[in-house]
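> Can you keep this structure in mind? I'll have questions shortly.
The values are calculated or read from the model by the stated rules, or taken from the named source; none is laboratory data. Everything quoted here is computed from the prediction, not taken from an experiment. Using ideal geometry, Cβ is built from the backbone for each residue, glycine included, and neighbour counts are taken over all protein chains shown.
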Amino acid sequence: MKFFDVFSRWNIEPVSALGCKVYDVDGNEYLDFYGGHAVISIGHSHPKYVVKLTEQLGKIGFYSNSVQIPLQDEYAEKLGKASGYPDYSVFMVNSGAEANENALKLASFYNQRNQVVAFRKSFHGRTSAAVRVTDNVNYQAPVNQNMEVVFLPWNDMDAVRNALKNKEVSSVIIEGIQGIGGIVIPDTQFMQELRQVCDETGTVLIVDEIQSGYGRSGKFFAHQHAAIRPDIITIAKGMGNGFPVAGMLISPKFTAVSGQLGTTFGGNHLACAAAIAVLDVMEEEQLVENAAKVGAYLINELKQLPQIKEVRGHGLMIGLEFSEPIKPLRDKLLFEQHVFTGVTGSCVFRLLPPLCLTKALADEFLVRLKSIL
Ligand SMILES: Cc1ncc(COP(=O)(O)O)c(C=O)c1O
């Protein structure tokens, strides 16, 4: 049997990794400024994470949600404390798309409405509802196209007010910072007014923090830069540092109705162990603060480079927009300088390094970047 080949892949085979470094089968060392798509939060193969997962596997790796799993309560308590949402609940699933899928459903169960507002250039995942609120028709199959969704321009409050005024919209879903859309930060005033108009119209506000959350922006959640509290927050990527785990933080205004949501794998023992290890290391090593500090330094240095048209971002979620397509630059960075980066569109680099990035490694990246500009 062959693997169903939907990915374009570089001809690089990583066989080990540590911290912000990845090593390939030929012994080459790479600087990881992509984090396996914003997934590596506390660093590759962090020793405490390895021990926690290994020990848990030695005890029990999995049982379904038909039994008591105190690790879930331990995780919920730690997440509440770390994120500033101790009064919310958490529901654990397996992927970002599934988290958004459940968020859209929970909102619709709650207010019994069936329309959704999303934003242009959004990306929310590949499952049925999540892909429908993703602004890319190429990802949608005919079976996905029936849900009622309106895509509005970014930061356009008049458009939002107009869409919500009839009180027929179930939820608004928005990324904390648009990732695949090009590292685009929503205006603070827009987020605050969005919160307000959702309250006025009984619309559920879902903030997708799958890429921008978990410390990446230099705050636990990117929406905290705008000092708002969404009704549902979706998380994945950095939450498990590579272990597939995702979830949603749910405001106390929602009542848990038995059987309304469900999952076989979500919140299993190993997933909880991974998620707990990540939060423990984030706290011990103050990684949110580190992302803010090293990110601010890096953004400032990048802004000095005249070849870059625009530098956008918060913390360690950084977009570098060029006037020309960047494929040749990206290839040079990867194959000559051995630096992994993300891209979006044809002209924007996405820098999403592990949150443990040091200033020294940020400097090393700058040297390698400058050498190919
Ligand atoms: C903002 C955002 N939402 C949702 C997803 C989907 O997550 P997953 O691939 O885990 O389903 C992604 C993945 O890139 C994302 O960046």
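Results for (1) within 23 Å of the chain's Cα centre (by Cα); (2) without any contact (Cβ under 8 Å) to a residue 24 or more places away in the chain, shown as yes or no for each residue.
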position: PHE33; (1), (2): yes, no
position: ILE40; (1), (2): yes, no
position: SER45; (1), (2): yes, no
position: LYS48; (1), (2): yes, no
position: TYR63; (1), (2): no, no
position: GLN68; (1), (2): no, yes
position: TYR75; (1), (2): yes, no
position: TYR88; (1), (2): yes, no
position: MET92; (1), (2): yes, no
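> Still on this structure, please answer the following. State whether the residues of segment 42-59 include one that is under 30 Å from GLN260 (Cα atoms), of a type in the set (S, T, N, Q) and modelled with pLDDT of 95 or more.
Within segment 42-59, one or more residues are under 30 Å from GLN260 (Cα atoms), of a type in the set (S, T, N, Q) and modelled with pLDDT of 95 or more.
> I'd like the full set of residues that are over 13 Å from the mean Cα position of the chain (by Cα) and crowded, with 24+ Cβ neighbours inside 10 Å, limited to segment 171-190.
Residues satisfying the conditions are SER171, VAL172, ILE173.
> Right, here's the next one. Are any of the residues in segment 99-110 buried (at least 17 other Cβ atoms within 10 Å of the Cβ) and of a type in the set (Ser, Thr, Tyr)?
Scanning segment 99-110, I find at least one residue that is buried (at least 17 other Cβ atoms within 10 Å of the Cβ) and of a type in the set (Ser, Thr, Tyr), so the answer is yes.
> Does SER122 meet the test of being in contact with a Phe, Trp or Tyr (Cβ under 9 Å, 6 or more places away or on another chain) and either at pLDDT 95 or above or not hydroxyl-bearing (Ser, Thr, Tyr) (or both)?
Spelling it out, SER122 is indeed in contact with a Phe, Trp or Tyr (Cβ under 9 Å, 6 or more places away or on another chain) and either at pLDDT 95 or above or not hydroxyl-bearing (Ser, Thr, Tyr) (or both).
> Still on this structure, I have one more. Any idea how many residues of segment 267-321 are charged (D, E, K, R) and assigned to a strand (DSSP E or B)?
Of the residues in that region, 3 qualify.
> Right, something else. So which pairs qualify, if the first residue must be in segment 1-14 and touching a residue at least 12 places away in the same chain (Cβ under 8 Å), the second must be surrounded by 10 or more Cβ atoms within 10 Å (Cβ to Cβ), the Cβ gap must be under 6 Å, and the two must be at least 6 apart or on different chains?
Cβ pairs passing all conditions: ILE12/ASP24; GLU13/ASP24; GLU13/VAL25; PRO14/VAL22; PRO14/ASP24.
> To continue, here is another question. Can you list the helices (runs of 4 or more DSSP H) lying wholly within segment 1-108 that have 1 or more residues being touching a Ser or Thr at 6+ places or on another chain (Cβ under 8 Å) and not assigned by TED's automatic domain parsing to the domain that holds LEU333?
Once the helices (runs of 4 or more DSSP H) in segment 1-108 are filtered for at least 1 residues that are touching a Ser or Thr at 6+ places or on another chain (Cβ under 8 Å) and not assigned by TED's automatic domain parsing to the domain that holds LEU333, what remains is 70-83.
Per-residue answers, yes or no, for (1) more than 14 Å from the ligand (Cβ to nearest atom); (2) surrounded by 22 or more Cβ atoms within 10 Å (Cβ to Cβ); (3) among the aliphatic types (A, V, I, L, M); (4) closer than 23 Å to THR344 by Cβ:
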{"position": "ASN94", "(1), (2), (3), (4)": "no, no, no, no"}
{"position": "ALA118", "(1), (2), (3), (4)": "no, yes, yes, yes"}
{"position": "ALA130", "(1), (2), (3), (4)": "no, yes, yes, yes"}
{"position": "GLU148", "(1), (2), (3), (4)": "yes, no, no, no"}
{"position": "PHE151", "(1), (2), (3), (4)": "yes, no, no, yes"}
{"position": "ASN162", "(1), (2), (3), (4)": "yes, no, no, no"}
